[in-house]
Amino acid sequence: MRARYLFVVAILLAVTAAASQAPNSAPTRGFTPVLVPAPASLQVRSGVTFMLTPSTQIHSDDAGVGDFLAQLLRRSTGYPLEEGEHGISLLLSGAPADAGDEGYRLDVSDTEIVVRANKPAGLFNGVQTLRQLLPPDVESKEVRDASWTVPGVTITDRPRFEHRGAMLDVVRHFQPVNVVKDFIDRMALYKLNYFHWHLTNDQGWRVEIESWPKLATVGGSKQVGGDRGGYYTKAQYREIVAYAAARNITVVPEIDMPGHTNAALASYPELNCNGQAKQLYTGVDVGFSSLCAGSETTYAFVDDVVREIAEMTPGPYFHIGGDEANATSPADYQAFMDRALPILAKYGKTPIGWHEFIRTTEDPSAIPQYWSADRGDDSVLGHEVILSPPNHAYLDMKYNRGTELGLNWGGYVDVRDSYDWNPGTFLVNVGEVSIRGVEAPLWTETVVTPDDIEYMMFPRLPAIAELGWSPFATHSWDSFRVRLGSHGPRWEIMGINFYRSKQIPWSGRHQAGS
Ligand code: ACM
């Protein structure tokens, strides 16, 4: 009982500290504010605690989000959490006027927890916040005997940016379906909403295309280092799209063109200007391959690929790549985009591309993904921009000189580098209104196993997630590092192999409330 009391007090003090912190103020010593990303507004109801018990019920106006919450809580509490009005309610009514599609209000009293939102996406985000208000044991895959308390709070919350993304390169090293699902689950924890799936490159073609079957069977057969590769069947692709959708995540497939296409050029000789198939490539160089811009076969191929991918992709976006086309002349690059972009439009997709492509189009709806560290680049003016500066957002950069995995062409990126910048002022001539959001790409030249993926994602992904979600008024490295440190015990329970950056005061497993 005493331990439970102390736990409740600790959580209340932690949340009070989170609520009272002004930007740049030091966190309250000894107690860790817990929410990442920081909510737009949080008030503590002092002395108020909700306790989850075997008789707690869940009601949801959206069956999908209700099931998600019930399954999560059943797994660790062992409670039945039946449908009913006594306990947790997820309501598609009564949300604040400015909650938008993704915002929510969360009220925790002694007797009930209520999340209100305009859309299921808002309920889902409220559920992710509720998850973080529960003890870390909630993340256990087995039943635990914990004190399932939730501190009394009123939170009103909504995202700063519409687009909060992460990218996984499944080409350089292929990742099976379950690993992609884990990646998506970890995005959802931090309210990210776009999964950029980098599906094709020089080293492999990772998705089945029925009209060009050798792309997958030949082009997908290898990976970096020469080992066996792999590809997703259409059924698996659809399975991942549905899995992401159930977590408020839209899939953005990338078919990188006209460069980064050696795997396709090795699969079909007719895609090459000289009619000769390339050799499969298992190194890590870039910028040496190109589709044949002057050939009609190229555009028949692009049409088939875009059509088949678009059919399986409910989201409105198609990522056309367009980066590092060093083997394509500027005239051919323009000619290629002049033909390829209308094919995306024909199949109802809005183009996203690495920002080089944006100079080829006047279409104001085309979205550049900016991947340079140069803050003075004006090439993206007139478009909404997704920011992925490598010195802040690339998850494949080494943390420091001693990091075994990763690359360093964009510099070393420790947690503070990931967190301590402002997307709204990053490009000197592009105002915040033109920033669509942020994305953290994970390239996998050196990243092979699930442990490797986790080590590069955590703890940097939550930093990018907070930049995408939280109002900049909450931005504070001193606050963030303490809140982030309190997530270590959660990741331990989830079995996540994270980098224990010296910049972060990691909580011991039992300090943060378990
Ligand atoms: C990139 O890193 N080549 C977009």
query = Assuming R0 = 30 Å, what is the FRET efficiency of residue 48 and residue 98, from their Cβ-Cβ distance, to the nearest 0.05?
reply = 0.75
ask   = Just for the chain, what percent of DSSP beta bridges are antiparallel, to the closest 5?
value = 30 percent
message = Once R0 is set to 41 Å, what does the formula 1/(1 + (r/R0)^6) return for the Cβ-Cβ distance between residue 238 and residue 378, expressed as a FRET efficiency to the nearest 0.05?
response = 0.55
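Give the order of 106, 52 when sorted by the count of other beta carbons within 10 angstrom, beginning with the fewest.
Lowest to highest Cβ neighbour count: 52, 106.
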task = Round to a whole angstrom and tell me the spacing of the C-alpha centers of segment 431-499 and segment 222-240.
result = 26 Å
remark   = Calc'd 3J(HN,Hα), segment 266-274, phi into Karplus 6.51 cos²θ - 1.76 cosθ + 1.60 (θ = phi - 60°), Hz, glycine/Pro = x, comes to 7, 7, 9, x, 5, 7, 8, 4, 9
inquiry  = Starting from 0.36 nm per residue, how many nanometres of slack lie between residue 178 and residue 110 once their C-alpha separation is accounted for?
reply    = 20.6 nm
note = Ordered by fewest other Cβ atoms within 10 Å, a rough proxy for footprinting exposure, 148, 469, 205 read 148, 469, 205
Spatial separation of Cα centroids for segment 331-406 and segment 244-274, in angstrom = 15 Å
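With r defined as the distance between the Cβ atoms of residue 404 and residue 85 and R0 fixed at 45 Å, what FRET efficiency is calculated, to the nearest 0.05?
That pair, residue 404 with residue 85, gives E of 0.25.
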ask   = Quick one: Karplus J couplings for segment 380-393, per residue in order, coefficients 6.51, -1.76, 1.60, θ = phi - 60°, nearest Hz, x for Gly and Pro?
value = 9, 4, x, 10, 6, 10, 9, 9, 9, x, x, 6, 10, 10
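Could you give the dipole magnitude of the chain about its Cα centre, charging the beta-carbon of Lys and Arg +1 and that of Asp and Glu -1, in debye to the nearest 20?
1560 debye
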Estimated 222 nm signal from helices in the chain, with DSSP H stretches of n ≥ 4 weighted -39500 (n - 2.57), rounded to 500 = -9500 deg cm²/dmol
task = State the extension gain, in nm to one decimal, for the chain segment bounded by residue 285 and residue 329, taking 0.36 nm per residue of separation less the distance between their alpha-carbons.
result = 14.0 nm
message = Amide H of residue 252 versus every other amide H placed in the peptide plane: which residues, excluding those fewer than 5 positions away on the same chain, fall under 5 Å?
response = 195, 196, 197
query = So how far apart, in nm, are the two label points at residue 59 and residue 274 if each is 7 Å from Cα heading toward Cβ?
reply = 7.2 nm
note = For 308, 439, ascending order of other Cβ atoms within 10 Å (fewest first) is 308, 439
message = Please give the charge dipole size of segment 23-157, origin at the Cα centre, charges +1 on K and R Cβ atoms and -1 on D and E Cβ atoms. Round to the nearest 20 debye.
response = 440 debye
query = Classify segment 23-157: rounded, prolate or oblate, from the alpha-carbon gyration tensor (a ≥ b ≥ c, eigenvalue square roots; a/c under 1.5 rounded; otherwise prolate if a/b is larger than b/c)?
reply = oblate
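No value in this document is a laboratory result; all are computed from the given coordinates. Small disclaimer: the values here were computed from a predicted structure and weren't measured. No Cβ is skipped: glycine too gets one built from the backbone with ideal geometry, and neighbour counts run over all protein chains shown.
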